[in-house]
Amino acid sequence: MSRGKVEIDDDRCKGCGLCIEACPQDVLEFSDDFNSSGYNYVTPENPEDCIGCGFCGKVCPDVAITVYKLQKEGV
Ligand code: SF4
Ligand code: SF4
């Protein structure tokens, strides 16, 4: 299975939760914290399960998510 890496810009996130719904791997969860605008932002709780599908980034209305597709195991 392919692997990916997901990065979330905490301060862009508005906590809508669309990315959590979109992720087939249950990588993303709400954090226990709030960003500088007072939103409960999302964080990758299970980053090792990311397959780099990019669904989370496509649904994010605030362009807070960047997905990297990794070529090989361990890269
Ligand atoms: S790229 Fe796919 S597997 Fe990885 S966090 Fe986003 S939706 Fe989940
Ligand atoms: S879709 Fe974007 S704005 Fe909505 S919770 Fe996820 S990262 Fe935050």
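Throughout, read-outs are computed from the coordinates displayed, never taken from laboratory work. Values in this document were obtained by computation on a predicted structure and should not be read as measured data. No Cβ is skipped: glycine too gets one built from the backbone with ideal geometry, and neighbour counts run over all protein chains shown.
Brief remarks on what is shown
- Relative contact order computed over the chain (Cα-Cα under 8 Å; 6+ residues apart), in percent: 45
- Residue-wise HN-Hα coupling along the stretch 9-24, computed from phi with Karplus coefficients 6.51, -1.76, 1.60 (Hz; x: Gly, Pro): 7, 3, 6, 8, 5, 10, x, 6, x, 4, 5, 5, 5, 7, 6, x
- Hydrodynamic radius of the chain per Kirkwood, over alpha carbon pairs, in Å: 12.3
- Karplus (6.51, -1.76, 1.60) ³J(HN,Hα), θ = phi - 60°, over the stretch 54-71, in Hz, Gly and Pro reported as x: x, 4, 4, x, 5, 8, 5, x, 10, 6, 8, 10, 10, 10, 10, 8, 8, 7
- Per the chain, cysteines lacking a partner by the 4.7 Å Cβ criterion: C13, C16, C23, C50, C53, C60
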